[in-house]
Amino acid sequence: QQIQENLNKQLLDNLVSFLSRSHSDFQEKTTEWTCRMKFREIPTAALILGVNVTDHDLTFRALSDALQDNITPYVALLEAKDCPGIKNLMQKLMGQLMNCDIDVDSLEDEDCVQVSQNRIRCSMPSLINWYDSVAKRTDSETPSKKRNSSSRHWRSPPVVVIFKDMESFTTKVLQDFIVISSQHIHELPLVLIFGIATSPMIIHRLLPHSVSSLLCIELFQSLSCKEHLSTIIDKLLLTSQFPFKLGEKVLQVLINIFLYHDFSVQNFIKGFQLCIVEHFYSQPLSVLCCHLADVKKRVYSLSHDQCENIRKLPSFRRYVEKQESGKQIELLTNDSFLKEETEKLLEDLHVYHENYVRILRCLHVFTSSLPKYPLGKQIRELHCACLENRVWETEEYESSLQLARMLNKSDLVTMLQQCVEILMSSFGKEFDRAVKKLKEFLTQFQNLEAEASQERDVSVSPQKELQKKTDLYHLQKTLLELKESRRSKKLTKFEMLRFEVVDYIDSLVRRYLVPADKRTLHEIVYFNAAAVLRGHLNAAPRTALHTALNNPHWYLKNQALRCDGGGISNKAPDICIVYKLHLECGRLINLVDWLEAFSTVVMAAEEPNADAASSDQVDDVIHARFIRAVSELELLGFIKPSKQKTDHVARLTWGGC
């Protein structure tokens, strides 16, 4: 929430500034406001938020709070689903402004709202009268009597109406409200804010020119959802502040859902929270996923069973195999020795994360400045590539190094300065040597200034000769000579230094960007169950429905419902019995035969009743149960009535799940 507030701060500040300009014009009755009154223009902010609709609520909530804290208490947020007509819109608007709840259904035939003991008609004149009375009462109060909340608000504060989803409003509702409001703009300081998910052109598509000309529109663009996500990952995942980490496949699942489904940062965060819950619920050693200061205390409080769980970890087994025989025996048999070693390994893991993030940021400085982006432009793409495998073994990394070896001097100097700042911000002395080396490179680049200028003068002379010769033969000869000279020419000092810089960055990458799954005890802090997460987030409703109806024991956990060999239990819910019987039928199902089969299954375990009228007659209760079960199947979409035969239904689903 803090990160999102910081990201939206610039946007909210711009909107507040826009509202302050609009309000000051109204309050002082300046020439600009007089012109607006003449043309009946309403100050309007078009807020372009993007297609990530699920994130808009947070933005509007923050905007509403900012306005109510600093500018005006009169803010109304309207949604299209609550405003099918102009009457509903006015009811909702006045209800929010007057701080009263309105039951729209109870006001179907009445155009009034209940405020205290009075009923006020929902119309623009009523709204103006209410505003005048409130504004006069506020202005007449002395500063000593004012409340703290109202003292922050301006004199005669504006009325802000926010349309959260403008595309969903009907054209007629918007037109009517804008036309009515424009006729009273000289009496009511009204400001509109349109929340737009697509494009500003939607305003002109929904509103004819005669209506849109009544709006004085200013555009505001929010931060793109991709940049928003990159910032979240940068501040939330790529930090040593939080010990919990996401594995490469899990992170890729969350990013793919974001990119290919909804672009919702809120849903990404919910998925991240789900990973936390799943990890701490399913990993018995998640108690050790903690801050470095708490590692020692938690390690030495481990039980014998938890020590055995550590010995079962695949990464710990690989670690034990690399040790000498005496240490192997101690690790596998001595719990105290195991705890000491576990403490050291977890401390090493924390140090690894700290170093990993620093070098990853340095590498991102280089890759994001290249003319092409083999490893991706965003740091999240680079992070996924480093988690997946040894990044220096990939073709994308090799092509990035080749491009880095062609960078000019100014770009290289800028990158080195950024890397020095990143490494100097780390704690400890791990990167002191690296910082010293990078500063040496910067000094050498500064010493090359004079030599570089001389080399440029020398290289210009062949170019001048080339320009003098216009004959085709001499031109070809000169070009061939230039080509041969470039082949045989030795590398300049700048080129050699550039190669040395790139090679040194490459050595840091190979040392510190080892994939996390190569580290011992990474299972304690990394959540890697991508299949589990995908099962939670990528819903398969048909599969779940088939499982529930075909095997109710899976969900109900009732042993009486367990059926082996594909049988049908008479103790199962009626809809389950009907569903399994319908799987045995063809395209058309005879209702009479279906009822008889259902009755046979239901009556299977019951003793025959001697008082029954006849075997052909079905009990009324069973008949009613059958009708209800068939209706439920029809509601779920498995069957539908058939027009071919009135006593048949058509089956709609085929194939297995």
Let me confirm something: among ILE255, ILE269, ILE217, which residue is farther than 23 Å from LEU349 by Cβ, assigned by the TED database to the domain that holds VAL16 and hydrophobic (A, V, I, L, M, F, W, C)? ILE217
Identify, from the list SER212, SER240, SER264, SER222, the residue that is buried (at least 18 other Cβ atoms within 10 Å of the Cβ) and within 30 Å of ILE185 (Cα to Cα). SER222
Here are some residues: ILE233, ILE257, ILE217, ILE269. Which one is open to solvent by less than 20 Å² (accessible area, probe 1.4 Å), β-branched (Val, Ile, Thr) and in contact (Cβ under 8 Å) with a residue 12 or more places away in the chain? ILE233
Here are some conditions: (1) in a loop (DSSP other than H, G, I, E, B); (2) open to solvent by 60 Å² or more (accessible area, probe 1.4 Å). VAL351 meets all but one. Which one does it not meet? (1)
Which one is nearest to ARG651 (Cα to Cα), of the residues in region 574-594 that are open to solvent by 50 Å² or more (accessible area, probe 1.4 Å) and assigned to a loop (DSSP other than H, G, I, E, B)? ARG587
Restricting to region 286-301, give me the number of residues that are farther than 23 Å from ALA529 by Cβ and not charged (D, E, K, R). 7
Scanning region 627-657 for residues that are exposed (fewer than 11 other Cβ atoms within 10 Å of the Cβ) and within 41 Å of the chain's Cα centre (by Cα), which turns out modelled with the highest pLDDT? LEU635
Which residue out of LYS339, LYS372 is open to solvent by 20 Å² or more (accessible area, probe 1.4 Å), touching a Cys at 6+ places or on another chain (Cβ under 8 Å) and more than 24 Å from SER426 (Cβ to Cβ)? LYS339
Tabulated pairs, region 387-399, first closer than 8 Å to PRO374 by Cβ, second at pLDDT 90 or above and not in a loop (DSSP other than H, G, I, E, B), C-beta under 6 angstrom, 6+ apart or interchain: TYR397/VAL391
Filtering region 206-226 down to residues that are under 25 Å from VAL53 (Cα atoms) and not in a loop (DSSP other than H, G, I, E, B) yields LEU206, SER212, LEU215, ILE217, GLU218, LEU219, PHE220, GLN221, CYS225, LYS226
So, in region 375-404, of the ones that are among the basic types (Lys, Arg) and in contact with a Ser or Thr (Cβ under 9 Å, 6 or more places away or on another chain), which residue ends up least open to solvent (accessible area, probe 1.4 Å)? ARG380
Could you pull out the residue among GLU218, GLU248, GLU227 that is within 14 Å of the chain's Cα centre (by Cα) and among the acidic types (Asp, Glu)? GLU227
Any hit, region 33-43, residues being at pLDDT 85 or above and out of contact with any Leu (no Cβ under 7 Å at 6 or more places or on another chain): yes
If you go through region 42-56 one residue at a time, do you hit one that is free of Cβ contacts under 8 Å to residues at least 40 places away in the same chain and open to solvent by 30 Å² or more (accessible area, probe 1.4 Å)? no
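The values are calculated or read from the model by the stated rules, or taken from the named source; none is laboratory data. In this text, all values refer to a predicted model and were calculated from it rather than measured experimentally. Note that each Cβ is placed from the backbone with ideal geometry, even for glycine, and that neighbours are counted across all protein chains shown. Surface areas here come from the heavy atoms of the whole protein model, side chains and all, with no ligands, DNA or RNA. Shrake-Rupley method; radii C 1.70, N 1.55, O 1.52, S 1.80 Å.
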